[in-house]
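Engineer: One structure follows; several queries about it will come next.
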Amino acid sequence: MQARNDGPLLPKEEQQLMEGLLAGNDDAIRALYARYGRPIYSLGYRLLGTRESAEELTQDVFLTAWRKAARFDPTRGRLSTWLMTIAHNLAVDRLRRETGVSRPTLVLVDEVPDAPGLDEEAVLIERDAALRALSSLTAAERRLVVRAYFRGMTAREIAETDGIPLGTVKTRLRSAMIKVRKANEGKELV
Amino acid sequence: MNCTIVRDRLTEHALGALPVRDAGPIDRHLAWCAACRKEAGELQRASATLGFAVAPHEPAHELEDRIAGSVHAAASRRDRRPHAPPRRSRLMLVAALTAMLAVLGTGWGAVMAVRASRSDDAVLQEKIRSQSAVERFRDVLNTMEFGDSDGEVYLGTLVPSTADGGGGSALTLVSPSIIDMAIVLVNGVPAETRLPFTIRLRGADGVLTVGHIAKGGLDESGAGIVMREFDDLSGYGSVIVRDADGGVVMSGEMRTRATVASPSP
């Protein structure tokens, strides 16, 4: 199986990769890992706080993707969205089970210099989209989204922490996510 | 649940900001409502974008081989399994819960035996908590689809390493045609115990991590639960619970085996 590590994948290529994963094809597994392994690991590290947890999460994501591979439909969404959603759901589940787990302060990519030479083109495009989305938010919206997405806090928990009505939190979250959506409208994500 | 209510919560759903109990009804609605599903898909794409915003970290080089190996192994086991048609089996659920009840009783008794100084009130509280745990098991198991006639349930009691170290119970579901599952319950864990606990299963093929229990994961009586799905738990017969220092605080063998037959189709 030939799989590119650079540039956006076509839906047909995504489908082929997932069929390869389902069949346990080594090339497909490694192509998927080359493309998505590091972003998934990085998300896991930031949410869960340790290398061991991030590695466990990454392994769980690939096994979950293998189990659910037959359900992946490239006409309904991109593979990157599907995998990151699996990763985020697994990480948040674990965060909530382990309340009190030690984890470092969230650092976003615009606050940390990149290590040169590590990024494939595809990941750069995805991170460009992420930065574009975050930069479209006000500081308050960004803080809200970060606590929901990266801390696994429910809207109710945020409302109680900030002492504001639940409805207000929901409205602000919705407004922020509309901005995130619009920031990348028409942009080709990997 | 109608579309208005669902759409009001889709943003939280996409961000993972919904409590687990609230996500289920929304998922069920999305399964049949194309309009809400479209809206959810757009929000999900926006949400997934955020995941790429974290600073990059480089995983250990060997992680790729480990992941490739685990997928190969899972695919290989699947290929060796007989293809049983999926069927719901409430009998399996009942059998699992009945057996779990028995083990909970044993585990609870073991804990009480080493904590004989407890008052009757405390004993009663412990019993109520055990019942509550069973309710939680029922909720979890009710959400699963059991679908094979050859599934087996293995049960074990966790014995503390020290007289006042608590106790627990473990249950594994091993199936030739559906995802396997491990559930480990600890109880009576003393407040001074160094958390988090790391709970692992040991078998002929190595060691699997079921999960971790941090301080916030224990209730006021020192009870906590972890559960996780696995591709194949065949042969994983020991449970080990370690504290934050790596010391074994309790352990047990999955000695009780129950075959749980499905009802006739």
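The values are calculated or read from the model by the stated rules, or taken from the named source; none is laboratory data. Just so we're clear, the structure is a prediction, and the values are computed from it rather than from any experiment. Glycine also receives a Cβ, built like all others from the backbone with ideal geometry; neighbour counts cover every protein chain displayed.
Engineer: With the condition kept exactly as written, say whether any residue in region A:59-68 is touching a Gly at 6+ places or on another chain (Cβ under 7 Å) and within 8 Å of another protein chain (Cβ to nearest Cβ).
Structural biologist: No, because not a single residue in region A:59-68 is touching a Gly at 6+ places or on another chain (Cβ under 7 Å) and within 8 Å of another protein chain (Cβ to nearest Cβ).
Engineer: Output the qualifying pairs, or none if there are none: Cβ atoms under 7 angstrom, residues six or more apart or on different chains, first residue in region A:22-51 and closer than 17 Å to residue B:48 by Cα and not assigned by TED's automatic domain parsing to the domain that holds residue A:148, second residue modelled with pLDDT of 90 or more and among the polar types (S, T, N, Q).
Structural biologist: Once the first residue is closer than 17 Å to residue B:48 by Cα and not assigned by TED's automatic domain parsing to the domain that holds residue A:148 and sits in region A:22-51, its partners that are modelled with pLDDT of 90 or more and among the polar types (S, T, N, Q) give A:37/A:58; A:40/A:58; A:41/A:58; A:44/A:53; A:44/A:58.
Engineer: Write out, first by first residue and then by second, each pair whose Cβ atoms fall under 6 Å of each other, whose residues are 6+ apart or on separate chains, and whose first residue, in region B:32-52, is at the interface with chain A (Cβ under 7 Å from one of its Cβ atoms) and over 16 Å from residue A:92 (Cβ atoms) while the second is of a type outside the set (D, E, K, R) and surrounded by 22 or more Cβ atoms within 10 Å (Cβ to Cβ).
Structural biologist: B:46/A:177; B:46/A:180; B:49/A:129; B:49/A:130; B:49/A:133; B:52/A:39; B:52/A:130
Engineer: Moving on. Could you please find all residues in region B:226-244 being at positive phi and within 13 Å of another protein chain (Cβ to nearest Cβ)?
Structural biologist: Selection gives nothing.
Engineer: Based on what the data block shows, is residue A:137 in a loop (DSSP other than H, G, I, E, B), of a type in the set (A, V, I, L, M, F, W, C), modelled with pLDDT under 50 and not assigned by TED's automatic domain parsing to the domain that holds residue A:35?
Structural biologist: no
Engineer: Would you mind stating whether residue B:64 is within 9 Å of chain A (Cβ to nearest Cβ), at pLDDT 85 or above and over 29 Å from the mean Cα position of the chain (by Cα)?
Structural biologist: no
Engineer: In region B:232-265, what residues are at pLDDT below 85 and assigned to a loop (DSSP other than H, G, I, E, B)?
Structural biologist: The answer is B:232, B:233, B:234, B:235, B:254, B:255, B:260, B:261, B:262, B:263, B:264, B:265.
Engineer: Condition first: touching a residue at least 40 places away in the same chain (Cβ under 8 Å), more than 11 Å from every other protein chain (Cβ to nearest Cβ) and surrounded by fewer than 21 Cβ atoms within 10 Å (Cβ to Cβ). Can you find one or more residues in region B:202-215 that meet it?
Structural biologist: Checked region B:202-215: no residue is touching a residue at least 40 places away in the same chain (Cβ under 8 Å), more than 11 Å from every other protein chain (Cβ to nearest Cβ) and surrounded by fewer than 21 Cβ atoms within 10 Å (Cβ to Cβ).
Engineer: Please specify each residue of region A:26-50 satisfying the condition of being facing chain B (nearest Cβ under 7 Å) and modelled with pLDDT of 90 or more.
Structural biologist: A:26, A:29, A:30, A:33, A:37, A:38, A:39, A:41, A:42, A:43, A:45 - these are the residues of region A:26-50 that are facing chain B (nearest Cβ under 7 Å) and modelled with pLDDT of 90 or more.
Engineer: For region A:84-103, name all the residues that are at pLDDT below 80 and farther than 10 Å from residue A:48 by Cβ.
Structural biologist: Listed by number, the residues that qualify are A:96, A:97, A:99, A:100.
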